[in-house]
Amino acid sequence: HGNSINVLNSCAWKINGDVLDLLMDIFQHGGNRQLSVPVAVENAKLPEILPIEDGLSIDERKRREIILAQTKKMKAEIFSLWCYELYRLSIANHFRNEIFWFPHNLDFRGRVYPIPPHFNHLGSDIARSIILFAEGKPLGPNGLRQLKIHLVNLTDLKKKASIDERAKYADEIMDDILDSADRPLNGRQWWTKSEEPWQTLACCMEIARAIRSSDHTKYVSHFPIHQ
């Protein structure tokens, strides 16, 4: 167990600056619930709070008190999510130009988890989208195909299709993939409809870079994929 943990601990990572920049821009300009980027309290749509005055009927007073309590709870939850995302993006931005490692812990069941709770490679869609391997490797003859398959897996659109069918589907929607990479917010925004939108966007960008390189088999990729 000790050796396996040391192997995980020795894996070096770095930040995906392109995706982080886009995330920070959306976060700083009000957030986007559809893309799981928390909104600030002042930008959130909350129920109108009506004053609780003398002369109200018992039922009306109770109704307004319930609305007030629900609104306070919503505000607290929205603020908590916003603070969590601010903290995570701040950590990522701090390590933007650094190489870093995640220490891991082994629990009593034999399961291994990264110790940092807010930012790690087993986190949410957003957390995973802004992390790359520090050590890159050439894609080789099969790497681009693996990237395409990984992209389709992230969308959850072809979960019953074969591996070959998934690779073929990626070729069929290549225009949308490249449009997402080039114009993530101003284009057709195909990536936003994915089950894991931010990882999908990051993969679109990586595929675009590989395709546009002089030789995709020699393109050095740092992109982590599931196999």
Next item on the list: Would you mind calculating the gained length between Ile58 and Asp215 on full extension (0.36 nm times residue separation, minus the Cα-Cα distance), in nm to one decimal?
Entry: 49.0 nm
Checklist line | Gain upon complete extension [Ile99, Arg183; 0.36 nm per residue less C-alpha separation] | finding: 27.4 nm
Note to self: Taking every alpha carbon pair in the chain, what does the distance histogram look like in 5 angstrom bins from 0, in percent?
What the structure shows: 1, 6, 12, 14, 15, 14, 12, 9, 6, 4, 3, 2, 2, 1, 0, 0
Margin query: Once you keep just the Cα pairs under 8 angstrom separated by 6 or more residues, what percentage relative contact order results for the chain?
Written below: 23
Notebook entry, point to check: Which angle between 0 and 90 degrees, to the nearest 10, do you get for helix 163-172 versus the longest principal axis of the chain when only C-alpha atoms count?
Noted result: 80
Margin query: To test your reading of the geometry: what angle, between 0 and 90 degrees and rounded to tens, separates the Cα axis of helix 197-212 from the longest principal axis of the chain?
Written below: 30
Next item on the list: Place the peptides 53-61, 204-212 in order of packing, highest mean first, counting for every residue the other Cβ atoms within 10 Å and averaging per peptide.
Entry: 204-212, 53-61
Notebook entry, point to check: When we measure straight from the Cα of Lys62, which lysines land under 18 angstrom away, once same-chain ones fewer than 8 places off are left out?
Noted result: Lys72, Lys73
Notebook entry, point to check: Per residue of the chain, what 222 nm ellipticity follows from adding -39500 (n - 2.57) for every DSSP H run with n ≥ 4, rounded to the nearest 500?
Noted result: -16000 deg cm²/dmol
Checklist line | Net lengthening on full extension, Phe133/Glu195 (0.36 nm per residue, minus Cα-Cα) | finding: 20.0 nm
Next item on the list: Taking every pair of alpha-carbon atoms in the range 1-135, give the share separated by more than 27 Å as a whole percent.
Entry: 43
Notebook entry, point to check: Which of the aspartates and glutamates could be linked to Lys148 by a straight reach, that is with a Cα gap under 14 Å, when you skip same-chain ones fewer than 8 residues away?
Noted result: Asp156, Asp164, Glu165, Asp171, Glu172, Asp175, Asp176, Glu206
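FYI, it's all coordinate maths here, none of it is from the lab. Keep in mind that what you see is a predicted model, and the values were worked out from it rather than measured. Glycine also receives a Cβ, built like all others from the backbone with ideal geometry; neighbour counts cover every protein chain displayed.
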